[in-house]
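Readers should treat all values here as calculations from the given coordinates under stated rules, not as data from a laboratory. In this text, all values refer to a predicted model and were calculated from it rather than measured experimentally. Cβ placement follows ideal geometry from the backbone for every residue including glycine, while neighbour counts extend to all protein chains displayed.
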Amino acid sequence: MLENKKIHKKHNYLSKDRLQICMLFLPGLIVFALFTVYPIIKLFIMSFYNYKIGKLGHSVFIGLENYINVFTDEISRYAIVNTLLYGLITVPAQIIIGLLVAVFINNISKGRVAFRTLYYLPVITSWVIVSVLFKYIFQNEGYLNYLLVNVFSLTNESIKWLETRSASLFVLSIIGIWKGIGWTMTVFIAALTSVPHELYDSAKVDGCNGVKRFFYITIPSIKNTILFSIVMLTIGAFNTFTPVKLITNGKPLHQTEFVLTWMYKNAFEYRNMGFAAALSFLIATIVAIITIIQFKLFKET
């Protein structure tokens, strides 16, 4: 009888604990459902409609037409290819340079704080300020052309950095690399501190030089951090908006559009919400596929 009472009391305590835990989680779940789950579901539904804001009754169901339009739209192809090229350039560059900088800072005895601050400053600088600054530097009458033409006399006329697709992508990639090195450096410095020094000491005794220690100890030891950085930087590349909007705004002839700028224009300038929703889900699918491939490639290495 006493044992049954004890079991019953224990069951009541567990039930109360579970109820309290559920009550603690409930506000967060409600916020998550309202501001994350519901918008995703709503956006998915919108992608099948010729959606009109504020006129729900006039939104016409058109099935897969928005998705077909995304695949057949030339500017969408430009936007997707430009974003992929931007990612293929900036992600490896940020990983390589950030890792080398992290190894350098991790191995020096003096000036670590100064170097960390110097490399991290671009990360905390506003994208708007950086974009306006680089636009001033690379425009036809900008500072870079002034140096090339008037100071160093390397060319007789200004280079049109922001008036061709290839040159504009080069400028945007430079901005992305410069802005992101500090973040990758910080992540890799944190990872390097967890690598046991005994491994390096043993490698030195075995006659391994610095390059071999880097490739056979450092990189395998922080492989998971490298994967995390690649995934996050890839997602960041597909989220690039501000520098494109402020520097090129898709010019010339929409040839420098990125997925977010083209999505923004369709949604808020052309009021083509269904098309923008379909494009967003297509890009989410592409990012998911790239992420899965990255995970599989790293598991095999």
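Points worth noting:
- With the charge dipole of the stretch 140-216 set up from +1 on Lys and Arg Cβ and -1 on Asp and Glu Cβ about the Cα centre, the Cα lying farthest toward the positive end among the listed residues LEU154, SER173, LEU192 is that of LEU192.
- When you filter the trypsin sites (Lys or Arg not before Pro) in the stretch 22-85 for DSSP loop state and at most 12 other Cβ atoms inside 10 Å of their Cβ, you are left with LYS55.
- Amide H contacts of TYR49 (H built 1.01 Å from N, in plane; Pro and chain starts excluded): ILE62 sit under 5 Å, all sequence-distant by 5 or more or on other chains.
- Put simply, the Cα atoms of the stretch 68-300 extend 65, 50, 27 Å along their principal axes, the longest span coming first.
- The slack in the chain from GLU157 to GLU74, taken as 0.36 nm per residue of separation less the alpha-carbon distance, amounts to 26.6 nm.
- Given R0 = 25 Å, the distance between the Cβ atoms of MET232 and LYS42 translates into a calculated FRET efficiency of 0.40.
- Projecting label points 7 angstrom from Cα along Cα→Cβ for LYS299 and ASN150 puts them 5.9 nm apart.
- Taking the chain and dividing mean pair separation by its residue count, relative contact order in percent (alpha carbons under 8 Å, at least six apart): 27 percent
- Helical mean residue ellipticity (222 nm; -39500 (n - 2.57) per DSSP H run of 4+; nearest 500) of the chain: -22500 deg cm²/dmol
- Each Lys or Arg adds one and each Asp or Glu takes one away; over the other residues whose Cβ falls under 15 Å from the Cβ of LEU100, this sums to +2.
- Charged-residue dipole, Cβ positions (Lys, Arg, Asp, Glu), the chain about Cα centre, Debye nearest 20: 1080 debye
- Taking chymotrypsin sites (Phe, Trp or Tyr not before Pro) across the stretch 133-220, the ones in a DSSP loop with at most 13 further Cβ atoms lying within 10 angstrom of their Cβ are PHE152.
- When the listed pairs LYS135/LYS265; LYS179/LYS299; LYS110/LYS204; LYS135/LYS179; LYS52/LYS265 are checked against a 26 Å cut-off, the alpha-carbon distance exceeds it for LYS179/LYS299.
- Shape analysis of the stretch 49-151 yields a ratio of the Cα radius of gyration to the Kirkwood radius, Rg/Rh, of 1.20.
- From most to least packed by mean Cβ count within 10 Å, the peptides 61-68, 99-106 give 99-106, 61-68.
- Extension gain (nm, one decimal) between ASN239 and ASN140, 0.36 nm per residue minus Cα-Cα: 32.9 nm
- Helices of the chain meeting both criteria, an alpha-carbon length of 20 angstrom or more along the long axis and an average Kyte-Doolittle score not below 1.0, with helices taken as full DSSP H segments, are 74-107, 165-192, 223-238, 273-300.
- Packing here is the average count of other Cβ atoms within 10 Å per residue, and on that basis the peptides 217-229, 82-94, highest first, run 82-94, 217-229.
- Percentage of interatomic Cα-Cα distances in the stretch 108-200 larger than 23 Å: 45 percent
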